[in-house]
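Student: Input: one structure, supplied below.
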Amino acid sequence: MDIQTILQKDQLNKEDLVFLLGRTDRAECQALYEAAYRVKLEYIGNVDYYRGLLEFSNRCIKNCLYCGIRRDNTEVARFDTPREDILQMARWCFENQYGSLCLQSGERQDEAFIAYVESLIRDIKRIGGGALGLTLCCGEQTEETYRRWYDAGAHRYLLRIETSNPRLYATLHPQDGHHQWQVRKDCLAALARTGWQVGTGVMIGLPGQTLEDLADDILFYQENNIAMVGMGPYVVHHNTPLGNEVTAAGRDTRRDREERLRLGINMVAATRLYLKDVNIAATTALQALHPLGREMALKAGANILMPLVTVQRYRTQYQLYDNKPCLEDSQDECRHCLAGRVASIGDRVGWGEWGDSPHFFNHLGDKG
């Protein structure tokens, strides 16, 4: 197979995706990234949108084997950000023209949490007369809960499938009946029925994961009419079962991390080429593996950035993986730093814009 021939095709197939994902030659990778950036310019433009990321609670009922805030990690001091602090940061995002806010937390399904988030959404939507776009990332919930939160005013929801392969998914979670791939997939369908712009994503470079798995992940995005994609390379957390297993097996060397970074950027590019008009995040996990990881993703087709606006004193207690960047930066420093990163590749920031996914509006009639 020849990379230039594939890059000139109007529509890729799975075999093409596997080939592109497996590129390691520097010149071939560069050709892939440049082709994906051209598609970004055609369908999105040279504009990147902000989602101020506010991690407001690390309490979680789940015990995922890779995650630093898993229920059984006793190293973590659990926190709930005071309501007024959350609203203060939301106002900061509005005043600094971020356009959108993303509320993220550990997973809870009790009525007290559900009602709290619902009222919090309503308070945030009063800021600037509803000017802030609002994304939620609060895990698996019932369709009724998703509807309550949607009716309160949030309109985008990110729920990562983690992998489209149920067998691989099982290796990431305890087999206790509370971590089921089908439940998570059903939640994505419930979100779509409720009217949300649905986002999902996967971890890249997992033990046992193949290029075919990653190609199937991209096909999964299409089959489920996903509007936005948030995916990144797997990064070890030192106090997790999976992290300990990977480290003990000698599979977290510098070379391993470089390989996961390359795979992560290849996935961004291949997803942009295949899906064209979706939103794709340049995730912080990429920067955890390389100082310029997010710029590399933007140049390979990503168009969403999530600058951290979590209250400073809680940031070290919300680490899903080790070496998370920007923990010490103030929100002002992060704002200016990311603006400089965007400008360095010739893009501009969509200040004050929601930056909704064009795919969502182009495919409103499609079934997800």
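Student: Could you give the distance between the Cα centres of segment 274-296 and segment 161-207, to the whole Å?
Tutor: Spelled out, the Cα-based centre of one part sits 20 Å from the other.
Student: For the chain, what is the accessible area per residue in Å², given a 1.4 Å probe and the full set of protein chains?
Tutor: Counting only protein heavy atoms, the per-residue value for the chain is 40 Å².
Student: Run the simple label-point estimate for Arg254 and Leu327 please: 7 Å along Cα→C-beta, distance reported in nm.
Tutor: The modelled label-to-label distance comes out at 2.2 nm.
Student: Rounded to the nearest 20 Debye, what is the dipole magnitude of segment 141-241 about its Cα centre when Lys and Arg each give +1 and Asp and Glu each give -1 at the C-beta?
Tutor: It comes to approximately 260 debye.
Student: Further question on the same structure: Taking loop as defined by DSSP and a crowding limit of 12 other beta carbons within 10 Å, which trypsin sites (Lys or Arg not before Pro) in segment 1-41 fit?
Tutor: Answer in residue order: Lys9.
Student: Mark the label point 7 Å from the Cα of His178 along Cα→Cβ and return the residues of segment 47-87 whose backbone N is within less than 16 Å of it.
Tutor: 58-74
Student: So what is the calculated 222 nm ellipticity per residue for the chain, using -39500 (n - 2.57) for each DSSP H run with n of 4 or more, over all residues, to the nearest 500 deg cm²/dmol?
Tutor: -13500 deg cm²/dmol
Student: Still on this structure: Under 4.7 Å Cβ to Cβ, no partner at all: give me those cysteines from the chain, in residue order.
Tutor: Cysteines lacking a close Cβ partner in the chain: Cys29, Cys60, Cys93, Cys102, Cys137, Cys138, Cys187, Cys326, Cys334, Cys337.
Student: Kindly identify the chain as rounded, prolate or oblate by the Cα gyration tensor criterion: order the square roots of the eigenvalues as a ≥ b ≥ c, call it rounded if a/c is under 1.5, otherwise compare a/b with b/c, prolate if a/b is larger, else oblate. Spell out each step's value before the answer.
Tutor: Details: a/c = 1.37, a/b = 1.20, b/c = 1.14.
Verdict is rounded for the chain.
Student: Could you check the simple spin-label distance between Thr210 and Ile61, using points 7 Å along Cα→Cβ, in nm with one decimal?
Tutor: For Thr210 paired with Ile61, the spin-label model returns 3.6 nm.
Student: Subtracting the Cα-Cα distance from 0.36 nm times the residue separation, let me have the gained length for Arg91 to Ile345 in nm, one decimal.
Tutor: My answer for the length gained is 88.5 nm.
Student: Would you mind working out the magnitude of the charge dipole of the chain relative to its Cα centre, with +1 at each Lys and Arg C-beta and -1 at each Asp and Glu C-beta, to the nearest 20 Debye?
Tutor: So the dipole magnitude of the chain works out to roughly 320 debye.
Student: A follow-up question, please. Shape of segment 165-235 from its Cα gyration tensor (a ≥ b ≥ c, root eigenvalues): rounded if a/c is under 1.5, otherwise prolate when a/b > b/c, or oblate?
Tutor: On the way: a/c = 2.04, a/b = 1.25, b/c = 1.63.
Note, shape of segment 165-235 comes out oblate.
Student: Among residues other than Thr200 whose Cβ falls under 10 Å from its Cβ, what is the net charge (Lys/Arg +1, Asp/Glu -1)?
Tutor: Here the count lands on +1.
Student: Once fully extended, how much extra length lies between Glu111 and Asn362, figured as 0.36 nm per residue of separation less the alpha-carbon to alpha-carbon distance?
Tutor: 86.8 nm
Student: Would you please give the residues with an amide H less than 5 Å from that of Gly232, counting only those at least 5 places away or on a separate chain, with H modeled from the backbone geometry?
Tutor: Val202, Ile204
Student: Under a point spin-label approximation (7 Å from Cα along Cα-to-Cβ), what is the Arg83-Ala131 distance to one decimal in nm?
Tutor: 2.4
Student: Order these peptides, 144-155, 69-80, by their mean beta-carbon neighbour count within 10 angstrom, highest first. Don't jump to the answer; show the numbers that get you there.
Tutor: On the way: 144-155: 18.8, 69-80: 14.8.
The peptides rank, most packed first, as 144-155, 69-80.
Student: Another question, if that's okay. When the accessible area of segment 1-142 is split by element with a 1.4 Å probe, what percent falls to carbon and sulfur? Before the final figure, lay out the partial values.
Tutor: On the way: 2850 of 5980 Å².
The C+S portion of the solvent-accessible surface of segment 1-142 is 48 percent.
Student: Keeping the other protein chains in place, figure out the carbon and sulfur percent of the accessible area of segment 158-248, with a 1.4 Å probe.
Tutor: 52
The values are calculated or read from the model by the stated rules, or taken from the named source; none is laboratory data. Since we're looking at a predicted model, the values are computed, not measured. Glycine gets a Cβ as well: all are built from the backbone with ideal geometry, and neighbour counts include every protein chain shown. Accessible surface is based on the protein model in full, side chains and every heavy atom, while ligands, DNA and RNA are left aside. Shrake-Rupley method; radii C 1.70, N 1.55, O 1.52, S 1.80 Å.
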